[in-house]
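S.K.: Here it is, the structure in full.
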Amino acid sequence: MTDIREVSVDELRHLVSDRAMSGETMLLNMGPQHPSTHGVLRLLLELDGEVVVNVIPDIGFLHTGVEKTAESKNYQQAEVMTDRLDYLNPMGNNLTYCLAVEKLTELDVPPRAQAIRVILAELQRISSHLLWLGTSALDLGAMSMFLYCFRERELVLNIFELVSGQRMMTTFIRPGGLWRDVPVEFEATVRDFLKAMPRRIKEYDDLLEKNEIFLDRTKGIGILTKEDCFQYGLSGPVIRGSGVAHDLRKKQPYSGYDLYDFDIPTHPEGDVYARYRVRVEEMTQSLRIIEQALNKLPYGPVRSNNRKYVPPPRSEIGVSMEALIHHFKLWTEGFTPPAGHVYVATESPRGELGVYMESDGTARPYRVHLVTPTFVNLQAVPVMSRKHYIADLIGIVGSIDIVLGDADR
Amino acid sequence: MSEHLQNTITRIQARNHVEVEEFRGEYTVFVDPEKIQTFMLELRDQHDFNICMDVTAVDYYPQETPRFHVIYQLYSMQHNVRLQVRTRIDGNHPKLDTVQGIYASANWKEREVYDLFGIHFTGHPDLRRMVMPEDWVGQASILMKS
């Protein structure tokens, strides 16, 4: 055991103003264990009375070394860790990882698998936005929102349990397709959800849109300009809340998003309220995408037939010698993509989720780097919160939808 | 390959000594580490690559010298194209000029590379550990290959 080194004020000297040194402003530690930091985020605040002078975010409390661990796993095994990154968006993380593997190996995914992927990713977006809406409204004092949002999120998690047997850490999307086809009840269950949701979204609107306290605490708070967004590389609802119609589902479509008709909600104000509106409207758009995908859900296989990379179905193993060999090889050695590197980005509920993957031609990835939206978006918190009250900081941190597992990896 | 990317690559090749690589439709340019700042500035101001999505590194020890590649993922919002910029850095006191003055998003990303690879970014205003604990003892940079 080594002694824990005490971090002195001198090391943070360059981050705070001279006024903090003379005692004119106060340095206050918020977190890592604080209910409004949604996990373990530490914010070192420099305060002038109740007004925020500077915020110094400190992350890494959930650092699990995913990138290093991935280097010692084969491609199928490393996927399991992507669920645990952004624990509100496991389907989207799986999808991004699989798209990277598929780009590296030039695998084709059957249309049915593509459509189911889109349905699941959009359901995940709704569930993530619901959790965001519930918790960030709770931060601002709207207690009942939390209960209602969790009620609806439960419906989505039930669908995930139905298809994959897991509610959160699904690993359902696999390189080359899906783990298995969805059960027969899937379509009816999703349709029930589609039927129930529009009314529920209306209920949320009724609860918050006429709530004076909520409006006062979100309008004009935490303003981000377009230039800030570009400088800090922000993406997702944050940039759309600043009036930039940027959505990778439209701009660089993947998994057949170009087949569906949907809008990109944008609001030009750039404040907490605009981000809230963007997310709520996105839920409606996601419902539209799911409905279209369900209506034209094609029949057919859900996994690629390329046996070099994709394991054969269980039914083939008993009757085909080759299938047995492929199965054995794929689950003991794994597969070996050609050497090279790819960067794949998708639109996660929080913004651009990228996977940089490098292969050296062996069965294990040489380097996997995850470009996560929370890490990028958190960097803009100081810009947003300067000159606001400390109570508004809670709303601002909530408005970028942080998931610390996503930031720390 | 999009027209904008084609033009960009032709123009930067005319003015700088860069290697260009293509894999799966993605374009990578290799630049000298000394020129990284001027090169990035040129890409941002003259070729509309206004967003730096990511800065990361890969360690090629022991099979390659110089051992590190630092990788920048640039994106042009206006033209909707991506470009990867790479630079090779020697493993002996690895250091590189910071680009955080050009892209603010590189600030934390460079801190992360410093933390996990031990690459020093000269001119960086706040080069502290990003994700590892400040009192971390053990292998100094965990993503280095041994």
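S.K.: Restricting to segment B:66-118, name every residue that is within 25 Å of A:Asp408 (Cβ to Cβ) and hydrophobic (A, V, I, L, M, F, W, C).
M.R.: Answer for segment B:66-118, where residues must be within 25 Å of A:Asp408 (Cβ to Cβ) and hydrophobic (A, V, I, L, M, F, W, C): B:Phe68, B:Val70, B:Ile71, B:Leu74, B:Leu96, B:Val99, B:Ala104, B:Ala106, B:Trp108, B:Val113, B:Leu116, B:Phe117.
S.K.: Only helices (runs of 4 or more DSSP H) wholly contained in segment A:164-245 count here; list those with 1 or more residues that are in contact with a Ser or Thr (Cβ under 7 Å, 6 or more places away or on another chain). Quick ask: steps written out before the conclusion?
M.R.: Working: elements: A:185-209, A:212-218, A:226-231, A:237-240.
It comes to A:185-209, A:226-231, A:237-240.
S.K.: What single numbered condition from (1) under 24 Å from A:Gly354 (Cβ atoms); (2) in a loop (DSSP other than H, G, I, E, B); (3) touching a residue at least 40 places away in the same chain (Cβ under 8 Å) fails to hold for A:Arg249?
M.R.: The failed condition is (2).
S.K.: Further, regarding this structure: Could you please find all residues in segment A:235-278 being closer than 24 Å to A:Val344 by Cα and aromatic (Phe, Trp, Tyr)?
M.R.: Those that are closer than 24 Å to A:Val344 by Cα and aromatic (Phe, Trp, Tyr): A:Tyr254, A:Tyr257, A:Tyr260, A:Phe262.
S.K.: Give me the pairs, please: first residue somewhere in segment A:167-194 and closer than 29 Å to A:Val101 by Cα, second residue anywhere and of a type in the set (Ser, Thr, Tyr) and surrounded by fewer than 15 Cβ atoms within 10 Å (Cβ to Cβ), beta-carbon distance under 9 Å, and either six or more positions apart or on two chains.
M.R.: none
S.K.: Within the set of pairs 6 or more residues apart or between chains, which connect a residue that is in contact (Cβ under 8 Å) with a residue 60 or more places away in the chain and within 8 Å of B:His120 (Cα to Cα) inside segment B:85-100 to a residue that is aliphatic (A, V, I, L, M) and not in a loop (DSSP other than H, G, I, E, B) with Cβ atoms less than 7 Å apart?
M.R.: Note: pairs meeting the criteria are B:Leu96/B:Ile36; B:Leu96/B:Val70; B:Leu96/B:Ile89.
S.K.: Could you pull out the residue among A:Leu178, A:Leu207 that is in contact with a helix residue (DSSP H, G or I) (Cβ under 7 Å, 6 or more places away or on another chain) and closer than 27 Å to A:Val278 by Cβ?
M.R.: A:Leu207 is the lone residue from the list that is in contact with a helix residue (DSSP H, G or I) (Cβ under 7 Å, 6 or more places away or on another chain) and closer than 27 Å to A:Val278 by Cβ.
S.K.: Given the conditions (1) of a type in the set (S, T, N, Q); (2) under 15 Å from A:Arg350 (Cα atoms); (3) surrounded by fewer than 24 Cβ atoms within 10 Å (Cβ to Cβ), and given that A:Asn93 satisfies all but one, which numbered condition is not satisfied?
M.R.: Condition not satisfied by A:Asn93: (3).
S.K.: Kindly list the number of the only condition in (1) within 13 Å of the chain's Cα centre (by Cα); (2) more than 13 Å from chain A (Cβ to nearest Cβ); (3) over 22 Å from B:Ala140 (Cβ atoms) that fails for B:Arg88.
M.R.: Only one criterion in (1) within 13 Å of the chain's Cα centre (by Cα); (2) more than 13 Å from chain A (Cβ to nearest Cβ); (3) over 22 Å from B:Ala140 (Cβ atoms) is unmet by B:Arg88, namely (3).
S.K.: Could you check segment A:31-52 and list, in sequence order, the residues that are of a type in the set (A, V, I, L, M), more than 14 Å from chain B (Cβ to nearest Cβ) and either surrounded by fewer than 21 Cβ atoms within 10 Å (Cβ to Cβ) or out of contact with any Lys or Arg (no Cβ under 7 Å at 6 or more places or on another chain) (or both)?
M.R.: If the condition is that a residue be of a type in the set (A, V, I, L, M), more than 14 Å from chain B (Cβ to nearest Cβ) and either surrounded by fewer than 21 Cβ atoms within 10 Å (Cβ to Cβ) or out of contact with any Lys or Arg (no Cβ under 7 Å at 6 or more places or on another chain) (or both), then A:Leu43, A:Leu45, A:Leu47, A:Val51 are the ones that fit.
S.K.: Please tell me if A:Leu157 is under 17 Å from A:Ser286 (Cβ atoms) and in contact (Cβ under 8 Å) with a residue 12 or more places away in the chain.
M.R.: yes
S.K.: For residues in segment A:349-362 being in contact with a Lys or Arg (Cβ under 8 Å, 6 or more places away or on another chain) and more than 10 Å from every other protein chain (Cβ to nearest Cβ), which is nearest to A:Leu99 (Cα to Cα)?
M.R.: In the first step, residues of segment A:349-362 are kept if they are in contact with a Lys or Arg (Cβ under 8 Å, 6 or more places away or on another chain); the result is A:349, A:356-358.
So of that shortlist, the ones also more than 10 Å from every other protein chain (Cβ to nearest Cβ) come out as A:349, A:357.
Numbers: A:Pro349: 17, A:Met357: 11 Å.
Among residues in segment A:349-362 that are in contact with a Lys or Arg (Cβ under 8 Å, 6 or more places away or on another chain) and more than 10 Å from every other protein chain (Cβ to nearest Cβ), the one nearest to A:Leu99 (Cα to Cα) is A:Met357.
S.K.: Got a sec? Which of A:Gly92, A:Gly141, A:Gly49, A:Gly39 is of a type in the set (Gly, Ala, Ser), under 22 Å from the mean Cα position of the chain (by Cα) and modelled with pLDDT under 90?
M.R.: After ruling out the rest, the residue left standing is A:Gly39.
S.K.: Going by the conditions given, is A:Gly134 within 30 Å of A:Leu208 (Cα to Cα), assigned to a helix (DSSP H, G or I) and touching a Cys at 6+ places or on another chain (Cβ under 8 Å)?
M.R.: For A:Gly134, the condition - within 30 Å of A:Leu208 (Cα to Cα), assigned to a helix (DSSP H, G or I) and touching a Cys at 6+ places or on another chain (Cβ under 8 Å) - is met.
S.K.: So which residues in segment A:151-168 are modelled with pLDDT of 90 or more, surrounded by fewer than 19 Cβ atoms within 10 Å (Cβ to Cβ) and under 20 Å from the mean Cα position of the chain (by Cα), if there are any at all?
M.R.: Result: A:Glu154, A:Leu157, A:Asn158, A:Glu161.
S.K.: What about A:Arg350, is it in contact (Cβ under 8 Å) with a residue 12 or more places away in the chain and more than 30 Å from A:Arg279 (Cα to Cα)?
M.R.: No, not satisfied.
S.K.: Output the number of residues of segment B:92-108 satisfying the condition of being at the interface with chain A (Cβ under 8 Å from one of its Cβ atoms) and closer than 21 Å to A:Leu12 by Cβ.
M.R.: So the answer is 3.
S.K.: Out of segment B:17-35, which residues are farther than 27 Å from A:Leu248 by Cβ and not in a strand (DSSP E or B)?
M.R.: B:His17, B:Val18, B:Asp32, B:Pro33, B:Glu34, B:Lys35
S.K.: Give the residues of segment B:124-144 that are under 18 Å from B:Trp108 (Cβ atoms) and either within 9 Å of chain A (Cβ to nearest Cβ) or free of Cβ contacts under 8 Å to residues at least 12 places away in the same chain (or both), sorted by residue number.
M.R.: Answer for segment B:124-144, where residues must be under 18 Å from B:Trp108 (Cβ atoms) and either within 9 Å of chain A (Cβ to nearest Cβ) or free of Cβ contacts under 8 Å to residues at least 12 places away in the same chain (or both): B:Pro125, B:Asp126, B:Arg128, B:Arg129, B:Met130, B:Val131, B:Met132, B:Pro133, B:Glu134, B:Trp136, B:Ile142, B:Leu143.
S.K.: Do any strands (runs of 3 or more DSSP E) entirely within segment B:55-146 hold 1 or more residues that are aromatic (Phe, Trp, Tyr) and buried (at least 16 other Cβ atoms within 10 Å of the Cβ), and if so, which?
M.R.: Answer list for segment B:55-146: B:68-76, B:120-122.
S.K.: Select from segment A:363-405 the residues that are away from chain B (no Cβ under 12 Å) and closer than 30 Å to A:Ala339 by Cβ and list them in ascending order.
M.R.: Scanning segment A:363-405 gives A:Ala363, A:Arg364.
S.K.: Also: Among the residues of segment A:290-343, which ones are more than 16 Å from A:Val101 (Cα to Cα), surrounded by 16 or more Cβ atoms within 10 Å (Cβ to Cβ) and among the polar types (S, T, N, Q)?
M.R.: Residue satisfying the conditions is A:Gln292 alone.
The values are calculated or read from the model by the stated rules, or taken from the named source; none is laboratory data. This structure is a prediction, so every number in the text was calculated from the model and none was measured. Ideal geometry is used to build each Cβ from the backbone, glycine not excepted, and the neighbour counts take in all protein chains shown.
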